[in-house]
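Everything on this sheet refers to the single structure shown next.
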Amino acid sequence: MVGFAQSNRLGDLELLDMRSHGTSALHANSRVIRTNQNVERVLAELRSGIQGGRYAPGQRLITSALATRLNTSLAPVREALHLLIGEGLVELQPNRGARVRTVSVRTLLECLQVVEEVGVLAFRLIAPKLADAGIRTPIERIFRTIPDRWAGRDRCALFAAIAASHEAVNEYCGNSYLNPIFNRIHVDCFYRQMGELLPDALLDRYVENYSRMGVLLISGQAAATESAWREHVLWITGLIR
């Protein structure tokens, strides 16, 4: 009987220990989930802030200040910054910490090469699809927003509209690889920083070029659209150099 009672007590202790470990594991998993959610939240906030121009090129990203503003601890901010470094939006400077990446002239030219070829392919693929009003109407609308955005001389709004026009053409053209390429090179940041190099008079021509391409594309002139696009990129390349 004594052995049986001791066995029961040992069994109860093992059960309590298992429950304790199970509760600890649940708490640990809960902490991991909360941490991951915080990282994702901070990452989304910083990425959208950089892409939207709220964090300027070259601006320092101070971990403690960001943690306070985003109401989180230092660890999620550090992890988010490391992820943004990997994405190419943030750079780490020795003894100075993280800052928003400033795109060099060389990087702009390399991006232009990619954007040119992606644009040619997207225009070529979407042209036969524009007979469908469900595709033609949103494409026509988004090209019309470009001069509207520039009417207020707002560079950020202008280049956001230009980036959106490429994203829409890429989306409707049917090739699912094109927008991920644009996302990888952060084309919206690329356009905004490139736009900062150009005076207003040249941006007037920039807008005229896009208006012309939109008219050519909607009217079904695929070859002329591709040609106008290549001429535009060649012109921009000459200005940047």
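Tabulated values for the structure
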{"item": "Any pair with Cβ under 7 angstrom, 6 or more apart, that starts in the stretch 114-132 at a residue that is at pLDDT below 95 and ends at one that is surrounded by 16 or more Cβ atoms within 10 Å (Cβ to Cβ) and outside any helix (DSSP H, G or I)", "result": "V114/I185"}
{"item": "Qualifying residue in the stretch 168-175 (condition: modelled with pLDDT of 95 or more, under 23 Å from the mean Cα position of the chain (by Cα), closer than 22 Å to I50 by Cα and in a helix (DSSP H, G or I))", "result": "yes"}
{"item": "Subset of the stretch 165-183 [surrounded by fewer than 16 Cβ atoms within 10 Å (Cβ to Cβ) and without any contact (Cβ under 8 Å) to a residue 40 or more places away in the chain]", "result": "S176, Y177, P180, N183"}
{"item": "Whichever residue in the stretch 78-119 is more than 21 Å from L239 (Cα to Cα) and of a type in the set (D, E) and, among such residues, is nearest to the chain's Cα centre (by Cα)", "result": "E87"}
{"item": "Residue identified as closer than 22 Å to W235 by Cβ, assigned to a loop (DSSP other than H, G, I, E, B) and aliphatic (A, V, I, L, M) among L216, L158, L198", "result": "L198"}
{"item": "Check on R155, more than 18 Å from V120 (Cα to Cα), in contact with a Lys or Arg (Cβ under 9 Å, 6 or more places away or on another chain) and either of a type in the set (S, T, N, Q) or surrounded by fewer than 20 Cβ atoms within 10 Å (Cβ to Cβ) (or both)", "result": "yes"}
{"item": "Set A80, A67, A44, A75: member being exposed (fewer than 13 other Cβ atoms within 10 Å of the Cβ), outside the structural domain of H186 (by TED's automatic domain parsing) and either part of a helix (DSSP H, G or I) or among the polar types (S, T, N, Q) (or both)", "result": "A44"}
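The values are calculated or read from the model by the stated rules, or taken from the named source; none is laboratory data. Since the model is a prediction, treat every value here as computed from it, not as a measurement. Cβ coordinates were reconstructed from backbone atoms using ideal geometry, including for glycine residues, and neighbour counts include every protein chain displayed.
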